[in-house]
1. Would you point out which residue out of Glu64, Glu76 is in contact with a helix residue (DSSP H, G or I) (Cβ under 9 Å, 6 or more places away or on another chain), without any contact (Cβ under 8 Å) to a residue 24 or more places away in the chain and at negative phi?
2. State yes or no: is Glu64 surrounded by fewer than 19 Cβ atoms within 10 Å (Cβ to Cβ), in the same structural domain as Gly35 (by TED's automatic domain parsing) and at pLDDT 90 or above?
3. Quick test for you: out of Val229, Val272, Val278, pick the one residue that is buried (at least 16 other Cβ atoms within 10 Å of the Cβ), touching a residue at least 12 places away in the same chain (Cβ under 8 Å) and in contact with a Phe, Trp or Tyr (Cβ under 7 Å, 6 or more places away or on another chain).
4. So, in the range 26-40, exactly how many residues are out of contact with any strand residue (DSSP E or B) (no Cβ under 8 Å at 6 or more places or on another chain) and within 16 Å of Ile121 (Cα to Cα)?
5. Suppose the filter is closer than 22 Å to Ile21 by Cα, buried (at least 16 other Cβ atoms within 10 Å of the Cβ), free of Cβ contacts under 8 Å to residues at least 40 places away in the same chain and not aromatic (Phe, Trp, Tyr); does Ser34 pass it?
6. Listed residues Asp139, Asp86; which is under 30 Å from Ala25 (Cα atoms) and either in a helix (DSSP H, G or I) or charged (D, E, K, R) (or both)?
7. Could you tell me whether the range 101-122 includes any residue that is part of a helix (DSSP H, G or I) and at pLDDT below 85?
8. How many residues, within the range 191-208, are of a type in the set (Asp, Glu) and crowded, with 20+ Cβ neighbours inside 10 Å?
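The values are calculated or read from the model by the stated rules, or taken from the named source; none is laboratory data. Only a predicted model underlies this, so the values are computations on that prediction, with no experimental measurement involved. Backbone-built Cβ (ideal geometry, glycine too); neighbour counts: all protein chains shown.
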Amino acid sequence: MEDWIIVVDDDPMNLRLASKIFGEAKMRASYFRSGKEMLDFLDGEKLPDLILLDVHMPDMDGFEVLSSLRANSSYEKVPVIFLTADDDIDTETRGLNAGASDFIKKPFAAKILLTRVRNTIALSRVQLDMERALAEQADRLYRVYIQVVMSMSMAIDAKDTYTNGHSSRVAMYSKMIASRAGYSAEALNDIYMMGLLHDVGKIGVPDEIINKPGKLTDDEFDIIKKHPVIGGDILKNISEFPELYKGARWHHERYDGKGYPDGLMGDEIPEVARIIAVADTYDAMTSKRSYRDPLPQDYVRSEFIKCKGTQFDPRFADIMIELIDEDTDYHMKEEK
């Protein structure tokens, strides 16, 4: 692979000297009399391996040119070596802080110039290779993490004969609501994870209670009500995702303070839990149970209108109503 160097200097003599040195070394180089001329030339696709940039130039000095390069994502990783006749620590410090890789004093000697250029290009390539390798490893770990979370959510749902796919649907509905509420892409991924694991505490609830076809006794319902605490305690131990437990712990809180386990009210309830509460209730109403089929869409809509401001945060209830109104064929429910 042929190295491509760009040299920017307003002094023609320095450009001629650089041309002679790189020509004899059989290295490809392009030459510009100003930073603006170079910036106009660059197209964002073919990247130079290194830029040699004069510090003191008319119109745009080297610092301004470097700032323009670093502001463009295409060129932020291209190494830049400053060329300067200054013997000034402040200039070097400023340049290194701005993102320069090195300094070469003018007038430059051929051996020093070539050694610095080759070493800087080699180091830059090693750094880029390491970054790519780390990114690939991080991507692989994230895929494994997603698969583990999905498997866990399926294991939770498998405890209940009548909630097959419940966690994945709650995760999807939560993400849809959060998207309309203006959440960032990263935050949407987080709330999807929280939705998948919101019922993880049901691991600690006996199967015979979860699958009881009739009405629960008060004692049985008290056991069911413990699952948010159990889930919160399980997920709170995941230090790399400190917010993860909030959906599990507080998705059964009510906006009017009459929910459980902590009786939180209004904005005391974490926003993600308020979103998941809407999604969880929607899926409960639109899924088949031992004693009924999915409820009619009109009824589900009326419940969100009736419970807006009491059970649900009005903002997220309104978004859910919008989604219902747009689902004219009633696709958002458990598949048969």
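1. Details: Glu64 fails: without any contact (Cβ under 8 Å) to a residue 24 or more places away in the chain.
None of the others qualify; the one that does is Glu76.
2. On the way: surrounded by fewer than 19 Cβ atoms within 10 Å (Cβ to Cβ): yes; in the same structural domain as Gly35 (by TED's automatic domain parsing): yes; at pLDDT 90 or above: yes.
For Glu64, the condition - surrounded by fewer than 19 Cβ atoms within 10 Å (Cβ to Cβ), in the same structural domain as Gly35 (by TED's automatic domain parsing) and at pLDDT 90 or above - is met.
3. Values: Val229 fails: in contact with a Phe, Trp or Tyr (Cβ under 7 Å, 6 or more places away or on another chain); Val272 fails: in contact with a Phe, Trp or Tyr (Cβ under 7 Å, 6 or more places away or on another chain).
Only one candidate passes the filter, namely Val278.
4. Result for the range 26-40: 1.
5. Numbers: closer than 22 Å to Ile21 by Cα: yes; buried (at least 16 other Cβ atoms within 10 Å of the Cβ): yes; free of Cβ contacts under 8 Å to residues at least 40 places away in the same chain: yes; not aromatic (Phe, Trp, Tyr): yes.
Criteria met by Ser34.
6. Working: Asp139 fails: under 30 Å from Ala25 (Cα atoms).
Among Asp139, Asp86, only Asp86 is under 30 Å from Ala25 (Cα atoms) and either in a helix (DSSP H, G or I) or charged (D, E, K, R) (or both).
7. Residues of the range 101-122 part of a helix (DSSP H, G or I): 110-122.
Now restrict to residues that are at pLDDT below 85: none.
No: zero hits.
8. Going through the range 191-208, the residues of a type in the set (Asp, Glu) turn out to be 199, 207-208.
Cutting the leftovers down to crowded, with 20+ Cβ neighbours inside 10 Å gives us 199.
Result for the range 191-208: 1.
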